[in-house]
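The values are calculated or read from the model by the stated rules, or taken from the named source; none is laboratory data. Computed from a prediction, not measured in an experiment: that's the story for all the values here. Every residue, glycine as well, gets a Cβ built from its backbone with ideal geometry; the counts of neighbours run over all protein chains shown.
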């Protein structure tokens, strides 16, 4: 019967691949066909790229309070948080204005040029941020750092394009892991290397460049890493097809990304209700998922910045009187917990509760934890350090779970 013949036919029939000479995308496809193993070298290169472009995002939080204080823009100590908020927001404002543009441009000129531009801009403007002579220079350099950062979507696309379908989940997981590692290394660099003349007086003189610019050393250290990675781009292959892409290949990459991000049975049941062939702005499930993802990102960045400002404020103002090194320690422990959580705990929670119910629990836990922070100022060490580390770990892991759910929903609704 015809029906049985159709049922027996595989959904994705294997057809002979056609490669076009001079096409970088075809060269990559041929490479994948000839080497069926996991592309460890390309995955490591991609992991390093995402790591170095994410480091400037989190490295300033341990010392931002002291930087704003030293720049002299705040007339009162109570106003430091107000001015610090604009510095933190300037990076994300720049990124929000150009994210779509970078995605479109990556589809036009290739992934590699966007990655090169992003890394070079991180090198330049992160260095200039450390050399900020006034408040407005700090805001401008952070804004331009975000404005010229197009790595997020480009790296995710690159992870899929350099690997075979069975290895897509590994590549995309590495993107998330590199972000978690950046949350560990970034605050550590910022917390330990800021104000070096005070922490390492035998190595750094107060009359040196690092005495005049006490927050330059962590920025310089990250910029040196960016420079080394930038040189390595000589060996980074392009993956964009310069001819008309076969629909079959395009669909395979797209379906692999959706499969990775929509691994919950609850998502699979709801996928049938997704409306296809809609414009992005009229796809209401997609838009609602994007709005929720924006809220989770707002919660994440607001918490990261406010926590640092609160912890470093004097106890007479309700803070914890932490040093930049103390804040760096807390953020390092928190980042490490996110990495362990993503790797070992997250899959088991989803398996037991399902993705949606787990996200609801994480959201409630996140809200409850926020009410426990103000009373912590009354604790003394070592209990203060223990409690604040536990609370920060739980809070950050709950945010990470919420973000993963809303991002997965957004990709699912693009079907």
Exercise for review: Would you point out which residue out of 193, 105, 172, 152 is on the phi < 0 side of the Ramachandran plot and surrounded by 20 or more Cβ atoms within 10 Å (Cβ to Cβ)?
Suggested key: 193
Exercise for review: Output yes when any residue across region 209-218 is on the phi < 0 side of the Ramachandran plot and under 22 Å from the mean Cα position of the chain (by Cα), and no when none is.
Suggested key: yes
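Return yes when residue 156 is within 20 Å of the chain's Cα centre (by Cα), over 21 Å from residue 339 (Cα atoms) and part of a helix (DSSP H, G or I) and no when it is not.
Details: within 20 Å of the chain's Cα centre (by Cα): yes; over 21 Å from residue 339 (Cα atoms): no; part of a helix (DSSP H, G or I): yes.
Answer is no for this residue.
Give me a count of the residues in region 19-47 that are part of a loop (DSSP other than H, G, I, E, B) and either modelled with pLDDT of 85 or more or surrounded by 10 or more Cβ atoms within 10 Å (Cβ to Cβ) (or both).
Just the residues of region 19-47 that are part of a loop (DSSP other than H, G, I, E, B), to begin with: 19-23, 35-39.
From the residues that got through so far, the ones that are either modelled with pLDDT of 85 or more or surrounded by 10 or more Cβ atoms within 10 Å (Cβ to Cβ) (or both) too are 19-20, 23, 35-39.
Total meeting the criteria: 8.
Residue by residue through region 368-390, note down the ones that are more than 17 Å from residue 315 (Cβ to Cβ), assigned to a helix (DSSP H, G or I) and touching a residue at least 12 places away in the same chain (Cβ under 8 Å). Don't jump to the end; show me each part of the working.
Let us first name the residues in region 368-390 that are more than 17 Å from residue 315 (Cβ to Cβ), namely 368-372, 386, 389-390.
Those left that are additionally assigned to a helix (DSSP H, G or I): 368-370, 386, 389-390.
Hits for region 368-390 are 369, 370, 389.
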Check your understanding: Just one of 163, 151, 121 is within 29 Å of residue 71 (Cβ to Cβ) and touching a residue at least 40 places away in the same chain (Cβ under 8 Å); which is it?
Key -> 151
Check your understanding: Going through region 308-325 one residue at a time, which ones are part of a helix (DSSP H, G or I) and either out of contact with any helix residue (DSSP H, G or I) (no Cβ under 7 Å at 6 or more places or on another chain) or buried (at least 23 other Cβ atoms within 10 Å of the Cβ) (or both)?
Key -> 308, 310, 311, 312, 316, 324
